[in-house]
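Scroll down for the structure; my scribbles are underneath it.
Values quoted throughout were computed directly from the atomic coordinates according to the rules given, and no laboratory measurement underlies them. Predicted model only: the values in this text are computed from it and were never measured. Every residue, glycine as well, gets a Cβ built from its backbone with ideal geometry; the counts of neighbours run over all protein chains shown.
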Amino acid sequence: MNAITLNALAAFPDQLEAYYGAIPAEFKQWSPASWEGVPSEPFTAIEQVCHVYDIEVEGYHVRFQRTLEELNPVLLSVDGEALARERAYAEANVDEVFAAFRVARAKTMTLIAGLSPEQFARTADFEGYGPLSLRSLVHYLCSHDQQHLAGLQWLLGKIEASRVRPEG
C-alpha cells in the first residue's frame, strides 16, 4: 500500500475533528436551504461525523473481513441516510463518536498494516463500484474520508453565505 494513502488514513481522525471544530457551535445541526453541490452526503456537521464512524465499522470493517475470508464476495453499499434517521445522528454525543471513531480507525490501520501483497490482491464485487481488490477498498475508504472533509468545508461555505445580507 502506498505511503500517501496510509498517511492520509492515519491523519484523518485529527483532520475530521479539526474540521468539525471549525463549525460554529450554533451550526453543528444546521442544514442549508439547498444541498445542491454538496461533495458528500447531505448531512449536518454532527451527522457527517456519525456517518463516517458507521461507514468505518459497518461498511469498511465488514468489507475488508469479507474480502479476506470469502471467495469474491458481493459487498453491499450502506444506506447512510437510513442510518442517520434510525440512529438519530442529530442527537449524538460528538465526543463519544470521535472516541469510538478513533478506536475504529486504529483497528483499520492495524488490519491494513498486517496485510500481505496476496491479501491486498484479493477480489470482491462492490455494489455500485463493480469488481475490485482489497487494495481498491483501501483507496475508496480514503476517498470517502476526503469527501467528508470536503462536505464540512462546503457546510462552512454555506454557513458563511447564510450570513450575507443582500444589499438594498
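Compared with the dominant Cα axis of the chain, that is its longest principal axis, helix 45-54 is turned about 10°.
Per-residue extension of 0.36 nm, minus the Cα-Cα distance of A82 and A150, leaves a gain of 22.3 nm for this segment. As a rough footprinting exposure proxy, the listed residues V38, V49 were ranked by other beta carbons within 10 Å of their own, and the order from fewest upward is V38, V49. Which one of H139, Y60, I159 has its Cα pushed farthest toward the positive end of the charge dipole of the chain, where Lys and Arg give +1 and Asp and Glu give -1 at the Cβ? The listed residue farthest towards the positive side: H139.
Counting neighbouring beta carbons within 10 Å and listing from fewest to most, the residues E56, E118 come out as E118, E56. In whole angstrom, the chain maps to an equivalent ellipsoid with semi-axes of 32, 16, 15, each derived as √(5λ) from the alpha carbon gyration tensor and ordered largest first.
All C-alpha to C-alpha distances of segment 72-125, sorted into 10 Å bins beginning at zero, yield P(r) values of 18, 30, 34, 17, 0 percent in whole numbers. For the chain, the longest principal axis of the C-alpha atoms and the axis of helix 94-113 are separated by about 30°.
Among P32, P117, P13, which one shows the biggest mean-square fluctuation in a GNM of the chain, springs joining Cα atoms closer than 10 Å? Of P32, P117, P13, the most mobile in the Gaussian network model is P117. Considering only alpha-carbon pairs that sit under 8 angstrom and 6 or more positions apart, the relative contact order computed for segment 1-96 is 27 percent. If the segment from F27 to A99 were pulled out straight at 0.36 nm per residue, it would be longer than the present Cα-Cα gap by 23.8 nm. This model, with +1 at the C-beta of Lys and Arg and -1 at the C-beta of Asp and Glu, gives segment 43-168 a dipole about its Cα centre of some 320 debye. Annotation: amide H-H contacts under 5 Å for F126 (H modelled 1.01 Å from N, sequence separation of 5 or more, or interchain): L75, L132. Annotation: the residues R63, R85, sorted from fewest to most other C-beta atoms within 10 Å of their own C-beta, follow the order R85, R63. Dimensions of segment 3-77 along the principal axes, based on C-alpha atoms and rounded to the nearest Å, stand at 48, 28, 19, largest first.
With contacts taken as Cα pairs under 8 Å at a separation of at least 6 residues, the chain carries a relative contact order of 35 percent.
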